[in-house]
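Have a look at the structure below, then the notes.
The values are calculated or read from the model by the stated rules, or taken from the named source; none is laboratory data. Just so you know, these numbers come straight off a predicted model, no measurement behind them. For neighbour counting, all protein chains shown are included, and Cβ atoms are generated from backbone atoms with ideal geometry for every residue, glycine included.
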Amino acid sequence: MDPQNQGTRPETQAGPGYPPPVYAQAQPVAGTQPDLVKRAIAGVIDFAIIAVAGMVVSFALAIVFRGLAAALASVVVLGALLIRDVAFQGRSFGKKTMGLNVLNASGGPITPEQSIRRNATLAIGIVGSIVAIVPILGWIAAPLLWLAGGLVGLYEIYLVATGKPRLGDQLAGTHVVVEGQPAIAV
């Protein structure tokens, strides 16, 4: 045994007391930053799916819960939005369709917790829809949350358009990379 390496394990092994293995960084296909158009299309696909699901749930719940249907549907939409980036092996359906992936700082797949942190900035307006059912305080808070959600959303678009990481990525320690070819021609 080599005296300099006594008591150490090779870097390829992991176990108690040893750091977890580091995932290889996904190599971007067409540069380090995904194309703005691909990210926009992926977002439109994701939000369209979530919106349709929200309407279906709202309609179904309206039959049973009547007045609470919109709030309950908003809770479902909120959950779908927050965990959308872990749906298909660490990516949303829109990102999978456009050949994009969200990775954590070490280059591995993101966790549900990171997806929630990453998408929390986009969920501010939906929270407004949930609190809107509360008389008086909800009626005051909801428009403020809708306004805040819109402003944060616009700022997120500005960050992505200028090639900077969006607030959600900064909060979660994640980044979007190109990983494969889009399923639809752009």
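Against the condition surrounded by fewer than 16 Cβ atoms within 10 Å (Cβ to Cβ) and in contact (Cβ under 8 Å) with a residue 12 or more places away in the chain, how does G168 come out, does it pass? First the steps, then the outcome.
Numbers: surrounded by fewer than 16 Cβ atoms within 10 Å (Cβ to Cβ): no; in contact (Cβ under 8 Å) with a residue 12 or more places away in the chain: yes.
The answer is no for G168.
Kindly indicate whether any position in region 46-65 is buried (at least 20 other Cβ atoms within 10 Å of the Cβ), aliphatic (A, V, I, L, M) and under 23 Å from L171 (Cα atoms). First the steps, then the outcome.
Initially, region 46-65 is screened for residues buried (at least 20 other Cβ atoms within 10 Å of the Cβ), giving 46, 50, 54.
Now narrow it down to the ones that are aliphatic (A, V, I, L, M): 50.
Next, only the ones that are under 23 Å from L171 (Cα atoms) stay: 50.
There is at least one residue in region 46-65 that is buried (at least 20 other Cβ atoms within 10 Å of the Cβ), aliphatic (A, V, I, L, M) and under 23 Å from L171 (Cα atoms).
Filter the helices (runs of 4 or more DSSP H) completely within region 120-186 down to those with at least 1 residues that are on the phi < 0 side of the Ramachandran plot and in contact with a Lys or Arg (Cβ under 7 Å, 6 or more places away or on another chain). Walk me through how you get there before you give the answer.
On the way: elements: 124-131, 137-161, 167-172.
Those helices (runs of 4 or more DSSP H) span 137-161, 167-172.
Yes or no, residue by residue, for (1) modelled with pLDDT of 90 or more; (2) hydrophobic (A, V, I, L, M, F, W, C):
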residue: L72; (1), (2): no, yes
residue: V77; (1), (2): yes, yes
residue: F88; (1), (2): no, yes
residue: N104; (1), (2): yes, no
residue: Q114; (1), (2): yes, no
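Can you report the number of residues in region 109-128 which are more than 20 Å from A40 (Cβ to Cβ), of a type in the set (D, E, K, R) and surrounded by 18 or more Cβ atoms within 10 Å (Cβ to Cβ)?
Going through region 109-128 one residue at a time, the tally reaches 1.
Which number in (1) at pLDDT 90 or above; (2) over 19 Å from the mean Cα position of the chain (by Cα) marks the one condition that G94 misses?
Against the list (1) at pLDDT 90 or above; (2) over 19 Å from the mean Cα position of the chain (by Cα), G94 comes up short only on (2).
Considering region 86-108 alone, what residues qualify as being over 12 Å from A42 (Cβ atoms) and surrounded by 18 or more Cβ atoms within 10 Å (Cβ to Cβ)?
V86, G90, L103 - these are the residues of region 86-108 that are over 12 Å from A42 (Cβ atoms) and surrounded by 18 or more Cβ atoms within 10 Å (Cβ to Cβ).
Among the residues of region 140-159, write down those that are out of contact with any Asp or Glu (no Cβ under 9 Å at 6 or more places or on another chain) and closer than 17 Å to I41 by Cα.
Pass one, region 140-159, residues out of contact with any Asp or Glu (no Cβ under 9 Å at 6 or more places or on another chain): 140-158.
Those that are out of contact with any Asp or Glu (no Cβ under 9 Å at 6 or more places or on another chain) and closer than 17 Å to I41 by Cα: G153, L154, E156, I157, Y158.
Of the numbered conditions (1) farther than 17 Å from Q181 by Cα; (2) surrounded by fewer than 18 Cβ atoms within 10 Å (Cβ to Cβ); (3) not charged (D, E, K, R), L36 fails exactly one; give the number of that condition.
L36 satisfies every listed condition except (1).
Looking only at region 80-94, decide whether some residue is hydroxyl-bearing (S, T, Y) and out of contact with any strand residue (DSSP E or B) (no Cβ under 7 Å at 6 or more places or on another chain). Steps first, answer last, please.
Of the residues in region 80-94, the ones hydroxyl-bearing (S, T, Y) are 92.
With the extra rule that they be out of contact with any strand residue (DSSP E or B) (no Cβ under 7 Å at 6 or more places or on another chain), the set shrinks to 92.
Yes, some residue in region 80-94 is hydroxyl-bearing (S, T, Y) and out of contact with any strand residue (DSSP E or B) (no Cβ under 7 Å at 6 or more places or on another chain).
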